[in-house]
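J.: Can you read through this structure? Questions will come right after.
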Amino acid sequence: MSRVFVTGSTDGLGLAAASALMGEGHEVILHARSSDRASAVADLKSRALAVVIGDLSSDAETRAIADQVNGIGRMNAVIHNAGIYLERNRGDTAEGHAKTLAVNTLAPYLLTALIERPDRLIYLSSGMHQSGGGPIDDIDWKQRSWNASRAYSESKLHVATIAAAVARHWPEVLSNAVDPGWVPTKMGGAGAPDDLQMGHQTQTWLATSNDEAAKTSGAYWYHRQRRQPAAEVTDPAYQDSLMNKLADMTGVKLFEA
């Protein structure tokens, strides 16, 4: 039995992953953006080990989520599932960041740094990361005109890169990125053509399975098959540049020099 924390687990892939893990007998810690969102999954809450509350677009609330998780105890795995898609505008978080960057990039970075190190880390990326190469000096969209699709693609390149950088720096941790496919969730839309089941099963498999294939690190996965990510993901120079930028933005260093 494993203890697994799943971000964004009140709907979509996160809810499906959490439900599957509970069905397999694992201890699951749910995450909801607000108390109202948590109350929407009351039936699931009764089966969970705990529910943590916090808005990932907020630096302060993201740090509070890490504190809540650490207060429960050490996790065997953390699934960084939460994400937002096509925001109409840049938005402006309390810290002045673009909302897409805050939720999709800064939050998983902070949680990785602040939650007690687990055995396994899984980060949800997207096939759109392949077109996400952009200027690291403007990942917060302060200089460029807002482009929602581009911002999402960049954020998914960032999170896949975080996964690869963790695998490189923390060899004792199994760290992987997952492309769940274009699946019929609230984010993907009802007409999405990919397999929802395989979209979440790859996450849960990487989080808990003793299959030799699942006990690897630094890979990019699609439906339990390894895929080649964008070149930046596995480039140590790009990893270092991104990690340095995120450390500057958050004031939290993930890796020691």
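J.: Under 25 Å from Asp179 (Cα atoms), at pLDDT 95 or above and in a strand (DSSP E or B), is that true of Ile65?
T.: On the way: under 25 Å from Asp179 (Cα atoms): yes; at pLDDT 95 or above: yes; in a strand (DSSP E or B): no.
The answer is no for Ile65.
J.: Quick test for you: out of Ile72, Ile162, Ile136, pick the one residue that is over 19 Å from the mean Cα position of the chain (by Cα) and closer than 18 Å to Ser241 by Cα. Quick ask: steps written out before the conclusion?
T.: Working: Ile72 fails: closer than 18 Å to Ser241 by Cα; Ile162 fails: over 19 Å from the mean Cα position of the chain (by Cα).
Just a single option satisfies the conditions, and that option is Ile136.
J.: Out of the helices (runs of 4 or more DSSP H) lying entirely within the stretch 144-257, which hold 3 or more residues that are modelled with pLDDT under 95?
T.: Working: elements: 148-169, 196-208, 236-250.
Fully inside the stretch 144-257 and qualifying: 196-208.
J.: Would you kindly identify the helices (runs of 4 or more DSSP H) lying entirely within the stretch 1-49 that contain at least 2 residues that are at pLDDT below 90 and either surrounded by 24 or more Cβ atoms within 10 Å (Cβ to Cβ) or among the hydrophobic types (A, V, I, L, M, F, W, C) (or both)?
T.: The qualifying helices (runs of 4 or more DSSP H) are 42-45.
J.: Which one of the conditions (1) in contact with a Leu (Cβ under 9 Å, 6 or more places away or on another chain); (2) over 19 Å from Asp137 (Cα atoms) does Tyr220 fail to meet, given that it meets all the rest?
T.: Here Tyr220 clears every test but (1).
J.: Got a sec? Which of Gly127, Gly91, Gly132 is more than 21 Å from Ser9 (Cβ to Cβ), surrounded by 22 or more Cβ atoms within 10 Å (Cβ to Cβ) and either at pLDDT below 95 or charged (D, E, K, R) (or both)?
T.: Matching residue, one of Gly127, Gly91, Gly132: Gly132.
J.: So Ile84 fits all but one of (1) surrounded by fewer than 24 Cβ atoms within 10 Å (Cβ to Cβ); (2) more than 17 Å from Val178 (Cα to Cα); what number is the exception?
T.: Going through (1) surrounded by fewer than 24 Cβ atoms within 10 Å (Cβ to Cβ); (2) more than 17 Å from Val178 (Cα to Cα) one by one, Ile84 breaks only (2).
The values are calculated or read from the model by the stated rules, or taken from the named source; none is laboratory data. Every value quoted in this text rests on a predicted model; they were computed, and no experiment measured them. Using ideal geometry, Cβ is built from the backbone for each residue, glycine included, and neighbour counts are taken over all protein chains shown.
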